[in-house]
1. Please identify which residues in the stretch 71-89 have an amide N closer than 17 Å to a label point set 7 Å out from the Cα of S25, following the Cα→Cβ vector.
2. What FRET efficiency, computed as 1/(1 + (r/R0)^6) with R0 = 45 Å and r the Cβ-Cβ distance, is obtained for E165 and N56, rounded to the nearest 0.05?
3. Using a 10 angstrom cutoff on alpha carbons, build the Gaussian network for the chain and name the most mobile of K66, K183, K109.
4. Report the charge-dipole magnitude of the stretch 14-77 in Debye, nearest 20, computed about the Cα centre from +1 at each Lys and Arg Cβ and -1 at each Asp and Glu Cβ.
5. Given the options I110, I71, I175, which has the most mean-square fluctuation in a GNM of the chain, springs set between C-alpha atoms less than 10 angstrom apart?
6. Based on a Kirkwood Rh over C-alpha pairs, give the Stokes-Einstein translational diffusion coefficient of the chain at 25 °C and viscosity 0.890 mPa s in µm²/s.
7. Which is farthest toward the positive dipole end of the chain among N270, M22, V259, measuring Cα position about the Cα centre, with Cβ charges +1 (Lys, Arg) and -1 (Asp, Glu)?
8. Extending each Cα 7 Å along its Cβ direction at K182 and L83, get the distance between those two points in nm, one decimal.
Amino acid sequence: MADELEIDINDMSQEKLVEMVMYYSRCMNHETDELVDEFNWKVHRKNSGEPPVMSNVLEEWIDIFKYWLSIGQLCGFDPAEFLEEFHRKSDVVEQRYLQEHKIKIVGNKIIGVDIDGVLADYPRSFVEFINERANLDVDPSTITSYNIYEQLPITAEEGRRLKHEYRESGQKRFIPVLPGAKKFLEWFKQNGYTIVLLTSRPYDEYKRIFADTMYWLEQNNLPYHMILWDEDKGQRLVDEFGDNVCYFIDDVPEYVSGVAQKGIESFLVNRPYNAGSEIHNESLVTRVDGVLGALNIIKGENTHESASTID
């Protein structure tokens, strides 16, 4: 239909794109109303309850499809992208359903595990992305602040633009897994713990992040039971599961201190950007060099084994 209006989608301003998407969306909504009306749903009308004329329904459905297809053409989506996103979205819907309706937290053995900086090698992957896109050569290990941009020879505006590209590009599907992550999670699964992964990734803003995260977990065979998405990860974990939480592990001192305040044993993974950070509730917080360091301690507590016996 975009072709019928002689629109050059390869030479279209942002303003024109918005105008046309709005136009086609409104047309599609109108056609949807006409399709519904074919089913004689108004109880006060004389023909209420009569079967619809299916040839009319088909015609209205085709009209909807043409406008729907035109929106995809305007945005430059190709068939391969459509199929990939269709299957990815289907997986996301299934996972959301499982988490919201079918997963039941049983027992009192829950571990909360952060993703980025604990299981996934972030921010290294983002810094390497910036190096490639901005033609830089920054050593990710030199990033010693949570504000990455202030340590790079780029403006804050350029940094935000690159972060947007990073999230849009699907790079989160390919973040390297930190050493010991799979072994760490497998031990908890085998020992009857419910593994709750935690992340502040903005999937509400970038819808694909949910699917990209699931893809990453599946491709790396990382076991888990559910994912909580929240800026205040630690508080959300406590709010949802309370006293059932046995352990918490993160790379952000504020989150770790907050959860420890609730009496939950917590671990802070040492990273260059949290070195020297103040930790509150220190009696319940242990710094570890990685997830296996935490596992050494936990296994020793639970089985009275020496930490050095972990394999």
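Any read-out appearing in this document is the output of simple, stated calculations on the displayed coordinates, not a laboratory observation. Nothing here was measured: the structure is a model prediction, and the numbers come from that model. Because the Cβ atoms are built from the backbone with ideal geometry, glycine has one as well, and the counts that use them run over all protein chains shown.
1. Within reach of a label on S25: 71-77.
2. E(calc), rounded to 0.05, equals 0.45.
3. For the chain, modelled as a Gaussian network with Cα springs under 10 Å, the answer is K66.
4. Dipole about the Cα centre, nearest 20: 100 debye.
5. I71
6. Answer, rounded: 106 µm²/s.
7. It is V259.
8. Each label point is offset 7 Å from its Cα along the Cβ direction, giving 2.8 nm.
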